[in-house]
Amino acid sequence: MITDNKLFRKLKNIQDVYAEHIFYSVCNVPMEYTETKEHYRSLPRDNAELEWRPAEKGTRWGEAWGSAWFRGKVILPESCVGKEVFVRALTGG
């Protein structure tokens, strides 16, 4: 027999060990972005010179020697209470 019952127990143990490390999507975060020639060393704050635009899927950004900054706001669901939350930015860059 190719598979032994021990294999299934081992797989279950592995699943239990790594279960807390599995990432899943909670929601999409609407983002906006701005581009600058200035290479800020900290977050750029709102000022009249910064034009924030919606960062829709397929938006082209990234000028040579420029910087792009992204921001978004979201209200997380109750299921996130007490958990670490990460943003996975699919920038294509």
The number of residues in the stretch 1-30 that are within 14 Å of the chain's Cα centre (by Cα) and surrounded by 10 or more Cβ atoms within 10 Å (Cβ to Cβ) is 4
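I'd like to know if the stretch 51-63 contains one or more residues that are in a strand (DSSP E or B) and in contact with a strand residue (DSSP E or B) (Cβ under 9 Å, 6 or more places away or on another chain). Walk me through how you get there before you give the answer.
In the first step, residues of the stretch 51-63 are kept if they are in a strand (DSSP E or B); the result is 53-54.
Applying the additional criterion that residues be in contact with a strand residue (DSSP E or B) (Cβ under 9 Å, 6 or more places away or on another chain) yields 53-54.
Scanning the stretch 51-63 turns up at least one residue that is in a strand (DSSP E or B) and in contact with a strand residue (DSSP E or B) (Cβ under 9 Å, 6 or more places away or on another chain).
Results for (1) touching a helix residue (DSSP H, G or I) at 6+ places or on another chain (Cβ under 7 Å); (2) modelled with pLDDT of 90 or more; (3) not basic (Lys, Arg), shown as yes or no for each residue.
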| position | (1), (2), (3) |
| --- | --- |
| PHE23 | no, no, yes |
| GLU32 | no, yes, yes |
| THR36 | no, no, yes |
| LEU43 | no, no, yes |
| ARG53 | no, yes, no |
| THR59 | no, no, yes |
| ALA64 | no, no, yes |
Reported set for the stretch 16-48 where residues are in contact with a strand residue (DSSP E or B) (Cβ under 8 Å, 6 or more places away or on another chain) and part of a loop (DSSP other than H, G, I, E, B) is VAL29, PRO30, LYS37, GLU38, HIS39, TYR40, LEU43, PRO44
Exercise. Confirm whether GLY72 is surrounded by 10 or more Cβ atoms within 10 Å (Cβ to Cβ), at pLDDT below 85 and of a type in the set (Gly, Ala, Ser).
Key: no
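Check GLY62, GLY58, GLY82 and return the single one that is surrounded by 10 or more Cβ atoms within 10 Å (Cβ to Cβ) and free of Cβ contacts under 8 Å to residues at least 60 places away in the same chain.
GLY62
The values are calculated or read from the model by the stated rules, or taken from the named source; none is laboratory data. Quantities reported herein were computed from a predicted structural model and do not represent experimental measurements. Because the Cβ atoms are built from the backbone with ideal geometry, glycine has one as well, and the counts that use them run over all protein chains shown.
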